[in-house]
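Report on the following structure.
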2 protein chains.
Amino acid sequence: MNVQLLNKKEAIFESTLKLINEHGFHGTPMSQIAAHANVATGTIYHYFSSKDELILELFKYCREKTNEHIFNFNEDLSYKERFFYIWNRLVDYYVAHKETFWFIEQFYSSPYYELIKQRKTTYYGVDKMHLFFEEGIKSGIIRDVSFYTLISIYIGSATSHVKMVTYGFCKMQAKGREDLIEIIWNGVKNQ
Amino acid sequence: MNVQLLNKKEAIFESTLKLINEHGFHGTPMSQIAAHANVATGTIYHYFSSKDELILELFKYCREKTNEHIFNFNEDLSYKERFFYIWNRLVDYYVAHKETFWFIEQFYSSPYYELIKQRKTTYYGVDKMHLFFEEGIKSGIIRDVSFYTLISIYIGSATSHVKMVTYGFCKMQAKGREDLIEIIWNGVKNQ
DNA sequence: TGCACCCGAATGAACGTTCAATTGCTAAAT
DNA sequence: ATTTAGCAATTGAACGTTCATTCGGGTGCA
């Protein structure tokens with residue numbers, strides 16, 4: 001795959017991302033995506049077999065890009081520091097890439113996600129989080145509760161926070177964010 | 001089909017809810033909604049001026065029904081007891097009404113929500129939560145942080161938990177839920 | 001010459017909405 | 001008690017549009 005090819009494919013991705021945010025999955029015609037990406041309608045079908053396939057691929061693309069950003073911490077940070085770091089990186093990334101955030105949210109709560117779920121692929125991000133929480137539990141730093149309980153509070157509050165911020169409800173972004181991760185830490189840590 | 005026993009408008013609501021969960025907003029034709037509700041296509045347009053209007057009305061209907069369920073606590077419960085009660089009622093309601101939950105989630109993360117947001121109606125549920133958190137802060141029981149911070153952690157984790165449960169990821173439902181609200185309480189309470 | 005890439009008009013199916021016609025219901029008038 | 005008028009409720013075929021996908025024909029490069 002040469003460079004030109006990557007550019008076209010990414011242009012299609014980025015255009016899809018932008019337009020789906022504005023008009024929803026089915027409010028976004030292929031012709032519009034093509035026009036926005038400066039390619040012909042038919043060209044999209046050279047890269048993706050269908051609109052659904054395009055959306056599925058875009059979802060994976062977004063998830064990978066997000067994961068790349070949040071797990072690149074310095075190995076000699078303390079556990080608590082990494083706990084704060086990963087969470088803040090996630091919030092940062094989503095706030096800086098609102099379209100990615102909303103696309104992922106839209107995807108997860110739509111019937112599309114059923115298709116991915118059935119494909120039964122454990123993916124990078126979940127594995128990383130699993131290991132991270134396991135480390136904290138084994139070393140006695142955080143409470144011994146189930147992975148999904150920890151994920152619910154750690155990721156759930158992060159996405160909720162980003163929703164508030166991007167909706168424009170939440171003004172004091174920095175303060176609110178610091179309070180939030182501190183509350184989570186207080187709740188999750190041992191003692 | 002028992003929906004035909006309800007009045008026509010509610011039958012249309014319930015059918016829309018079910019079908020949109022299965023096929024998404026635009027994967028659900030009006031003709032299919034009508035068929036499932038045992039009415040003619042044209043009948044829907046007697047009650048709703050358009051498909052968008054139907055979806056907006058359905059959203060309000062779902063939100064009201066949810067709020068009715070979560071705020072009906074006994075007034076002489078302690079603050080902590082109410083803090084646990086409301087959260088559990090919300091999770092209970094969503095788990096028992098998965099279609100309502102997923103519809104609301106889908107709606108919030110879609111462009112539809114922009115339409116509601118602009119109408120600038122403060123609504124019952126938010127006001128209730130606002131007063132509840134304010135009470136906790138004023139009496140010094142919970143930490144003095146912004147409303148949106150509290151909402152992010154309280155509601156965000158609840159919806160995340162429900163997602164895990166309805167996706168089938170989370171097996172130990174009761175235990176996980178108890179851990180979760182306890183963690184939130186630990187994080188949010190003073191001292 | 002062959003292959004990958006690209007184009008965009010044409011196709012045909014699907015869908016939201018309309019509408020003219022019909023029925024059911026209520027209450028006023030006889 | 002019966003008729004009548006009028007409006008609300010209901011129907012589903014028909015309409016016009018939109019859109020995903022196809023396809024026949026390009027271009028440029030190995």
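Some points to look at:
- Residues that are under 29 Å from B:Tyr61 (Cβ atoms) and either out of contact with any Gly (no Cβ under 7 Å at 6 or more places or on another chain) or among the acidic types (Asp, Glu) (or both), drawn from region B:136-151: B:Phe147, B:Leu150, B:Ile151
- Pick from region A:50-98, criterion of a type outside the set (D, E, K, R) and outside any helix (DSSP H, G or I), ranking: farthest from A:Glu14 (Cα to Cα): A:Ser78
- Complete set of residues in region B:165-182 that are in contact (Cβ under 8 Å) with a residue 12 or more places away in the chain and either over 20 Å from the mean Cα position of the chain (by Cα) or within 7 Å of another protein chain (Cβ to nearest Cβ) (or both): B:Gly176, B:Leu180
Residue-by-condition table, conditions (1) under 17 Å from A:Arg82 (Cβ atoms); (2) part of a helix (DSSP H, G or I):
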position	(1), (2)
A:Lys128	yes, yes
A:Glu135	yes, yes
A:Val145	no, no
A:Ser152	no, yes
A:Ala158	yes, yes
A:Val162	no, yes
A:Thr166	no, yes
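- For region A:34-47, a residue qualifies if it is farther than 13 Å from A:Ala11 by Cβ and more than 6 Å from DNA strand C (Cβ to nearest atom), and exactly one does: A:Tyr45.
- No other residue among B:Phe71, B:Phe84 is at pLDDT below 95, surrounded by 15 or more Cβ atoms within 10 Å (Cβ to Cβ), farther than 18 Å from A:Lys163 by Cβ and not polar (S, T, N, Q) apart from B:Phe71.
- Search result, residues across region A:110-122 that are within 13 Å of chain B (Cβ to nearest Cβ) and either assigned to a loop (DSSP other than H, G, I, E, B) or touching a residue at least 60 places away in the same chain (Cβ under 8 Å) (or both): A:Ser110, A:Pro111, A:Tyr112, A:Leu115, A:Ile116, A:Lys120, A:Thr122
- Exclusive hit being within 16 Å of DNA strand C (Cβ to nearest atom), within 30 Å of A:Tyr154 (Cβ to Cβ), touching a residue at least 24 places away in the same chain (Cβ under 8 Å) and more than 14 Å from chain B (Cβ to nearest Cβ), set A:Thr66, A:Thr16: A:Thr16
- Pairs with Cβ under 6 Å, 6+ apart, first in region B:25-49 and part of a helix (DSSP H, G or I), second more than 9 Å from DNA strand D (Cβ to nearest atom) and small (Gly, Ala, Ser): B:Ile33/B:Ser15; B:His36/B:Ser15
- Among the residues of region B:29-62, those that are within 13 Å of DNA strand D (Cβ to nearest atom) and surrounded by 18 or more Cβ atoms within 10 Å (Cβ to Cβ) comprise B:Ile33, B:Ala34, B:His36, B:Ala37, B:Val39, B:Ile44, B:Phe48.
- Of the residues contained in region B:75-83, none is found to be away from DNA strand C (no atom under 14 Å from the Cβ), farther than 26 Å from B:Val188 by Cα and either hydrophobic (A, V, I, L, M, F, W, C) or away from every other protein chain (no Cβ under 12 Å) (or both).
- The one condition in (1) in a helix (DSSP H, G or I); (2) within 12 Å of chain A (Cβ to nearest Cβ); (3) more than 17 Å from the chain's Cα centre (by Cα) that B:Phe107 fails to fulfil: (3)
- Here the condition is being within 9 Å of chain A (Cβ to nearest Cβ), closer than 21 Å to A:Gly176 by Cβ and not basic (Lys, Arg); of B:Trp185, B:Trp87, B:Trp102, it holds for B:Trp185 alone.
The values are calculated or read from the model by the stated rules, or taken from the named source; none is laboratory data. Keep in mind that this is a model prediction, so the values were computed, not measured. Cβ atoms come from the backbone with ideal geometry, glycine included; neighbour counts cover every protein chain shown.
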